[in-house]
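Accompanying notes for the structure given below.
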Amino acid sequence: MGEAGKSNTFVIKCGGSTLAALPNAFFAELAAFQKAGRQPVIVHGGGPAISQALNKLGIHTEFVDGLRRTSAEVLDVAEMVLAGKINKEIVRRLSQNGAKAVGLSGTDGRLLTAEPVANAAKLGYVGEVTEVNTELLNAMLAAGYIPVVAPVGLGVDNQRYNINADTAAGAVASSLGAGPFIVVTDVAGIAGTVDGEKKVLPTVTPSQIQSMIDSGEIYGGMIPKVKAALKCLGGGVNEVVIVNGSETGVLGKVLRGEPIGTTIVAEPTAAKA
Ligand SMILES: Nc1ncnc2c1ncn2[C@@H]1O[C@H](COP(=O)(O)OP(=O)(O)O)[C@@H](O)[C@H]1O
Ligand SMILES: CC(=O)N[C@@H](CCC(=O)OP(=O)(O)O)C(=O)O
């Protein structure tokens with residue numbers, strides 16, 4: 001694919017926290033971008049729905065450092081909910097709102113190759129992406145479809161892995177060299193304290209993020225988001241924006257460069273020509 005095609009590609013991560021609240025307008029906006037020649041790729045979560053399904057089945061679930069401890073039993077349910085229920089819901093809503101979309105699990109066509117995370121002894125079948133099959137994504141984009149990806153990966157050992165959706169989306173954004181990477185969640189951005197007042201910060205840099213994690217101002221589900229953002233910025237993505245999906249016209253605002261949510265920017269360098 002040529003440079004023009006690449007610059008048209010952008011990755012959106014849709015968090016499970018916000019999926020039910022996403023208005024039809026969100027999907028219609030994606031359909032309009034698609035018709036205008038833009039090439040969105042969606043990677044989605046579904047944490048709350050997985051927890052709900054596990055609770056219904058009476059299977060205990062817990063998070064360690066923001067990641068779900070994943071036994072073989074939990075993995076089956078996570079895959080069922082992510083690649084079945086949530087993935088199909090998103091594809092259906094896109095179709096209903098005039099977009100052409102196709103749903104894939106990260107294991108389909110070895111879209112996401114994964115390896116166990118460092119503390120696998122504690123976390124079980126939780127994976128980290130080692131490779132993204134961009135050939136498959138680009139083929140779907142070239143055929144005029146929005147790829148909708150569930151964050152389940154396959155190891156070279158053929159083991160399935162549950163992957164945090166922010167991590168998976170960041171890996172996809174980096175491998176496509178796509179920009180901007182838009183993280184859609186249930187809050188208006190990263191909140192921080194400015195002059196004693198809590199507010200959404202328009203921009204944050206990697207060093208600010210580190211001190212906000214250290215102080216506990218960034219916690220829980222925001223941690224994998226900012227970590228994925230930092231990794232992306234080091235890997236070819238020039239802009240990561242965190243926005244609330246239920247606000248109208250969010251995607252357009254990001255793409256037009258209008259101020260919305262929190263933009264994570266690279267550390268300013270002293271010597272810029
Ligand atoms: N500094 C912060 N600013 C805003 N939200 C934060 C911050 N730190 C932690 N959070 C939490 O992160 C949550 C978003 O993460 P999460 O619930 O995992 O969403 P998603 O399902 O979209 O991935 C927010 O609802 C909020 O509770
Ligand atoms: C390893 C791990 O934690 N996987 C996540 C995958 C879903 C996800 O990340 O969903 P959200 O984006 O809605 O949080 C989980 O099991 O909940």
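A compact table of results
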read-out: Expected-Rg normalisation [2.2 N^0.38 Å, Cα atoms] applied to segment 133-173; value: 1.27
read-out: Space enclosed by the convex hull of the alpha-carbon atoms of segment 138-239, per residue, Å³; value: 136 Å³
read-out: For the chain, built as a Gaussian network whose Cα springs stay under 10 Å, the top-fluctuating residue of VAL129, VAL64, VAL77; value: VAL64
read-out: Residue-averaged [θ]222 nm for the chain, counting only DSSP H segments that reach four residues, each worth -39500 (n - 2.57); value: -10000 deg cm²/dmol
read-out: HN-Hα J in Hz across segment 162-174 - Karplus 6.51, -1.76, 1.60, θ = phi - 60°, x for Gly and Pro; value: 8, 10, 4, 5, 5, 4, 5, 5, x, 5, 5, 4, 4
read-out: Estimated dipole of the chain in Debye, rounded to 20 [Cβ of Lys and Arg +1, of Asp and Glu -1, Cα centre]; value: 620 debye
read-out: Rough spin-label spacing in nm, given labels placed 7 Å along Cα→Cβ, for GLN96 and GLU73; value: 3.4 nm
read-out: Candidate aspartates and glutamates for bridging to LYS227, where Cα separation is under 16 Å - those fewer than 8 sequence places away on the same chain excluded; value: ASP65, GLU128, ASP166, ASP214, GLU217, GLU239, GLU267
read-out: Förster radius 22 Å - calculated FRET efficiency between GLU247 and ASN24 (Cβ-Cβ, nearest 0.05); value: 0.95
read-out: From the C-alpha gyration tensor of segment 3-264, square roots of 5λ in Å; value: 25, 24, 18
read-out: Likely footprinting exposure, THR193, THR262, fewest C-beta neighbours within 10 Å first; value: THR193, THR262
read-out: Environment charge of LYS122, counting only residues whose C-beta is closer than 15 Å and scoring Lys/Arg +1, Asp/Glu -1; value: -1
read-out: Whole-number D in µm² s⁻¹ for segment 81-207, Kirkwood Cα-pair radius fed into Stokes-Einstein, 20 °C, 1.002 mPa s; value: 131 µm²/s
read-out: Net +/- balance of residues flanking ASN97 in space, Cβ distance below 13 Å, scoring K and R +1, D and E -1; value: +2
read-out: Coil-residue GluC sites (Glu not before Pro) of segment 115-151, DSSP, other Cβ within 10 Å capped at 12; value: none
read-out: Nearby lysines by direct alpha-carbon distance to LYS231 (threshold 20 angstrom, same-chain neighbours under 8 apart not counted); value: LYS6, LYS13
read-out: Gain upon complete extension [GLU197, ARG110; 0.36 nm per residue less C-alpha separation]; value: 26.7 nm
read-out: Net charge of neighbours whose Cβ lies under 15 Å from the Cβ of GLY144, counting Lys and Arg as +1 and Asp and Glu as -1; value: +3
read-out: Chymotrypsin sites (Phe, Trp or Tyr not before Pro) restricted to DSSP loop in segment 138-241 with at most 16 other C-beta within 10 Å; value: TYR219
read-out: Relative contact order (percent, whole number), segment 103-236, Cα cutoff 8 Å, 6+ residue spacing; value: 22 percent
read-out: Value of relative contact order over the chain, rounded to a whole percent, pairs C-alpha under 8 Å and six or more apart; value: 23 percent
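Read-outs throughout are calculated quantities, based only on the coordinates presented, and are distinct from any laboratory measurement. For clarity, every value in this text was computed on a predicted model and none was experimentally measured. Ideal geometry is used to build each Cβ from the backbone, glycine not excepted, and the neighbour counts take in all protein chains shown.
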